[in-house]
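The values are calculated or read from the model by the stated rules, or taken from the named source; none is laboratory data. Predicted, not measured: the structure shown is a model, and the values here were computed from it. Here Cβ is always computed from backbone atoms with ideal geometry, including for glycine, and neighbour counts include all displayed protein chains. For accessibility, only protein heavy atoms count, side chains too; no ligands or nucleic acids. Shrake-Rupley method; radii C 1.70, N 1.55, O 1.52, S 1.80 Å.
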Amino acid sequence: MQRYTRLFLIMLGSALALFVAFNAFVDPYDTGTGPRIAGLTAEKTRVHEDGRRVQVGHQIGQVEAGTLITGSSRTVDGFPMEVEDWPGGLWNAGIRGSNAFELAHLAAIAGREANLRCFIVGLDMAEFASGEKYKPAFPISRLADGRRWVATARVTLSPNTFARAVQTVQENVTGTAPQPPFRDVYQPGEQYRRFMNTPLPTLSYYRAMRVSPERMDFLFSTLEALAREGVQVIGHIHPVHAWNEEAIFAAGRTQAYFDFRAEMAARFAALEQVGEPVNACVPGGVAVLWDFSGYQPPSTTPLPAPDQTISHDVYHEPAHYLPALGLNMLAVMQAGEPIDGFGINLSQSDPRNSEAAILERREAYRSTPDGESLHAMLAPALTETGSRGWQSVGISHAEWRSLIALNGAIASREERLAASTN
């Protein structure tokens, strides 16, 4: 019996070793554990899968850029992966489907690097929704605890990594790659359908969604730690096309949206009091907040034509903007003032003073042909009563303690000063 037990354990151990070796050899997330072999593993076709959590966690500290910009898929798809024309360079650390819980960990780990000058974070109400705290790839990534090699071990042991590795090898052998979600040219009508399919689900989401003050506290505890140690924290409220934004107002969440803007402004004003930036990237103090939402000009551009094939000039779809608009937002931040009426500096103005203008722009859009079509589309849903349930998930004491420990490892102001003079 003992002989069969030993044989079974040997076979089990060998299978596990082969499993780990295959994952490490193919290295689908490009963490540096395996070789690049042409026609087999050279092209990491699945590196952006699982929301980029594994890739971003690994790359923090490996990239030379002095600024990280993060946020949801709007950041991933709305900014270039690298921007050299930025003080010290900028790297896109966006993760798809992010929320405040994950972004707090990302910010704390980024803060360990003494050469981090600025941290840009994209914000909207959804980032602070009280639902799920993280996506499945988060626990195995470095974002969970900051330990790079432990995270690498977790990744190589993950069945999901095995699935991505098989896909990577197959796509290298066949010379194919997954189609990106957004492109320059679409099949006739494809992008138009994306616009048409967005308003009703978005309306349903905002009817049910609830913002969690605890999630705000969680993220801002890390942003405060960064600011205290001299990292300039730059926040921006994402722009979305009017076909997405109208759902907030139609869902009866107008006051919630205005209160969110005011709360973000108040929290950034509090950050501003904790110190001075060691090596600022944009005009302003250690905390700067810009608002690009609220029916501002780029977001009220006409919809793509029903048979259009060339991408919309500004938006991939109502919730996601093109990198051209992202670069415009960076230009506004660097200029320190709006450009062509785009951008509101909420660090220099009371957000309540701009609410009336937002409502005026909304009414102006609703009177356009596109706005009238949108209103007609939403009208039947507005008569419905009730909304789906919304599950609120709290943050545990252990998760708070873990984040506090990560915040405690952020590089000091003195280390940052020394790095800035080298």
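Here are the numbers for this structure:
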item: Qualifying residue in the range 87-108 (condition: closer than 23 Å to residue 50 by Cβ, of a type in the set (Phe, Trp, Tyr), more than 12 Å from the chain's Cα centre (by Cα) and buried (at least 20 other Cβ atoms within 10 Å of the Cβ)); result: yes
item: Residues satisfying the stated conditions in the range 255-314, i.e. in a loop (DSSP other than H, G, I, E, B), open to solvent by less than 10 Å² (accessible area, probe 1.4 Å) and closer than 15 Å to residue 223 by Cβ; result: 286
item: Residue list for the range 160-189, restricted to those being part of a helix (DSSP H, G or I), in contact with a Ser or Thr (Cβ under 6 Å, 6 or more places away or on another chain) and surrounded by fewer than 18 Cβ atoms within 10 Å (Cβ to Cβ); result: 171
item: Checking residue 336 against (1) open to solvent by 30 Å² or more (accessible area, probe 1.4 Å); (2) within 19 Å of residue 284 (Cβ to Cβ), the condition it does not meet; result: (1)
item: Which numbered condition residue 24 fails, given (1) surrounded by 13 or more Cβ atoms within 10 Å (Cβ to Cβ); (2) aliphatic (A, V, I, L, M); (3) not in a helix (DSSP H, G or I); result: (3)
item: From the options 97, 39, residue that is touching a residue at least 40 places away in the same chain (Cβ under 8 Å), among the small types (Gly, Ala, Ser) and under 30 Å from residue 216 (Cβ atoms); result: 97
item: Among residues of the range 108-141, those that are of a type in the set (Gly, Ala, Ser) and assigned to a helix (DSSP H, G or I), counted; result: 3
item: Single residue of 142, 117 found to be under 29 Å from residue 415 (Cβ atoms), at pLDDT 95 or above, in contact with a His (Cβ under 7 Å, 6 or more places away or on another chain) and buried (at least 24 other Cβ atoms within 10 Å of the Cβ); result: 142
item: Test set (1) more than 30 Å from residue 371 (Cα to Cα); (2) within 20 Å of the chain's Cα centre (by Cα) - residue 276 fails condition number; result: (2)
item: Single residue of 114, 129, 137 found to be of a type in the set (Gly, Ala, Ser) and either on the phi > 0 side of the Ramachandran plot or touching a strand residue (DSSP E or B) at 6+ places or on another chain (Cβ under 8 Å) (or both); result: 129
